[in-house]
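The values are calculated or read from the model by the stated rules, or taken from the named source; none is laboratory data. Owing to the predicted nature of the structure, the values given are computational and were not obtained by experimental measurement. Methodologically, a virtual Cβ is constructed for each residue, glycine included, from the backbone with ideal geometry; neighbour enumeration extends over all protein chains shown.
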Amino acid sequence: AQKVTQAQTEISVVEKEDVTLDCVYETRDTTYYLFWYKQPPSGELVFLIRRNSFDEQNEISGRYSWNFQKSTSSFNFTITASQVVDSAVYFCALSPNNAGNMLTFGGGTRLMVKP
Amino acid sequence: SQTIHQWPATLVQPVGSPLSLECTVEGTSNPNLYWYRQAAGRGLQLLFYSVGIGQISSEVPQNLSASRPQDRQFILSSKKLLLSDSGFYLCAWGRDRTYEQYFGPGTRLTVT
């Protein structure tokens with residue numbers, strides 16, 4: 001069985017602060033994929049990143065960076081110099097390497113960035 | 001490029017009425033298709049998924065059903081809505097071996 005835990009249900013920061021969103025997962029699969037999605041107030045989920053279990057390199061995309069640590073089963077997401085537009089609910093998700101590619105989502109973290 | 005459409009965007013229906021939500025995907029063939037529900041302030045719950053025409057798998061027992069009459073069309077239905085069916089319904093598509101799913105704009109359903 002798969003499980004994704006996002007312990008932080010809500011985070012509030014002031015603009016320009018850095019913020020890290022935690023994600024811890026459980027799986028018995030040796031090959032799997034991890035994802036982050038952003039859900040702005042409009043509701044549509046926006047795909048941010050996919051990581052496979054063989055690639056533990058950290059990734060940076062602009063102000064976003066991701067830290068994948070297999071040893072601790074974590075895939076954390078950091079936003080540097082946060083902006084008001086970053087305010088959204090962020091979901092971490094896990095998919096095993098099987099047909100159908102179903103995602104198991106965490107409960108989400110609501111990030112509020114105040115000006 | 002691929003796009004995914006859902007309609008209607010919002011819907012208010014009385015208890016006991018039928019439901020039909022539609023999702024279509026453009027720009028790809030033989031996608032995997034998914035229906036999710038998100039209750040207010042909650043996470044996403046997978047309702048149905050389909051890996052091909054006429055192939056539907058249900059993840060949660062409920063009074064909802066899904067159908068895939070065409071390769072890129074996915075329909076969510078109910079014969080009689082319950083109050084607990086209220087929520088935000090999201091359709092998504094994905095490909096085998098690329099794994100991420102791409103979501104539509106969603107339908108906000110309020111059952112009164």
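Residues are listed down the side, and each one gets a yes or a no for (1) out of contact with any Lys or Arg (no Cβ under 6 Å at 6 or more places or on another chain); (2) touching a residue at least 24 places away in the same chain (Cβ under 8 Å); (3) farther than 19 Å from residue B:17 by Cβ:
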site	(1), (2), (3)
B:43	yes, no, yes
B:50	no, yes, yes
B:55	yes, no, yes
B:68	yes, yes, yes
B:71	yes, yes, yes
B:86	yes, yes, no
B:94	yes, yes, yes
B:111	yes, yes, no
Strands (runs of 3 or more DSSP E) enclosed by the stretch A:1-106 - at least 2 residues per element that are within 11 Å of chain B (Cβ to nearest Cβ) and surrounded by 16 or more Cβ atoms within 10 Å (Cβ to Cβ): A:32-39, A:46-52, A:88-96
Residue, surrounded by the most Cβ atoms within 10 Å (Cβ to Cβ), within the stretch B:94-112, restricted to residues that are modelled with pLDDT of 95 or more and either more than 10 Å from chain A (Cβ to nearest Cβ) or more than 13 Å from the chain's Cα centre (by Cα) (or both): B:109
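Residue B:51 - would you say it is modelled with pLDDT of 95 or more, closer than 17 Å to residue A:101 by Cβ and surrounded by 12 or more Cβ atoms within 10 Å (Cβ to Cβ)?
Details: modelled with pLDDT of 95 or more: no; closer than 17 Å to residue A:101 by Cβ: yes; surrounded by 12 or more Cβ atoms within 10 Å (Cβ to Cβ): yes.
No.
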